[in-house]
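Notes to accompany the following structure.
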């Protein structure tokens, strides 16, 4: 689907979902739900054969920006040169080398699947195809967003599988920009962009946790995908305005509370002053009477 941003390159937006292929952390019903949500923002839902076609087009057409969001977290065999032992000559990598964008969520891109087969292969996709460090740690802590992650409107989440953010040994020609790091070990990133051409394009990894319920696909969840996928100015501003609005409401509530407290204290002070003035008047009247009696 075409997506135009004034003054910028034409974007073609796609979301991959194919229930014939297996999954890891994102069940088919959730993947379908994510796809339906992204359709509202001009993403075209594509299956594995269509994905193969789109990646082929994107690897040759550098005049347009292609963005593919993977709603399923298993690589289909059709986009690899050898599913059992893929290489950097795979269609998936050629697409990325052309400066296009893939957004990946859920489990790491470590599994490969075939149509109508629940069995998942575990070849070296990460290091051989994506130049991604396969080393990770297991955790269950809230992530810490980097400046880049904040700018791209990513929300906070509890991460479970951050990867070492340095490229594998012997890999050159790629750069890694962390979007979210482990709060207690910044060497490991929960979200990042591996760039193969331009710094703003490449393999974008986000949401490293089991997305196994439709309720997890919130408004903020979708906005995070839109932020990294389209990188339009409107998406971050939209998010920041909502945050600012919430902060203003909090300030307004605090002001009302403080104003009511201050008003109550002023009323109490006025009552005290009036009582003092009344007492002072009574004292003056007593003194005046005593003076009159002496005379």
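No value in this document is a laboratory result; all are computed from the given coordinates. Given the structure is predicted, the values throughout are model-derived calculations rather than measurements. Cβ coordinates were reconstructed from backbone atoms using ideal geometry, including for glycine residues, and neighbour counts include every protein chain displayed.
Below, the figures for the structure above:
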read-out	value
Kirkwood-type radius of the range 47-132, with distances r between different C-alpha atoms, in Å	12.9
Antiparallel bridges, percent of DSSP beta bridges restricted to the chain (to nearest 5)	50
FRET efficiency, residue 187 to residue 151 (Cβ-Cβ, R0 30 Å, nearest 0.05)	0.85
Which labelled figure in (1) 1.26; (2) 0.98; (3) 1.57 is Cα Rg over 2.2 N^0.38 Å, once derived from the coordinates	(3)
Debye intensity ratio in log₁₀ form over the Cα atoms of the range 169-215, taken at each q of 0.20, 0.25 Å⁻¹	-0.75, -0.94
Long-range tail of P(r) for the range 97-247 (Cα pairs > 24 Å, %)	33
Three-way shape label, the range 1-159, alpha-carbon gyration tensor, a/c 1.5	rounded
Value at 222 nm in deg cm²/dmol, rounded to 500, when DSSP H runs of n ≥ 4 in the chain each add -39,500 (n - 2.57)	-13000 deg cm²/dmol
57, 285 arranged by Cβ crowding within 10 Å, fewest neighbours leading	285, 57
Estimated FRET transfer efficiency (residue 28, residue 251; beta-carbon r; R0 41 Å; 0.05)	0.40
Burial order of peptide ranges 79-90, 193-204 (average beta-carbon count within 10 Å, highest first)	193-204, 79-90
Pairwise FRET efficiency - residue 84 versus residue 215, Cβ, R0 = 51 Å, nearest 0.05	0.85
Between 0 and 90°, nearest 10: helix 234-294 axis offset from the chain longest Cα axis	10
Point-to-point label distance, residue 171-residue 280, nm (Cα→Cβ direction, 7 Å offset)	8.1
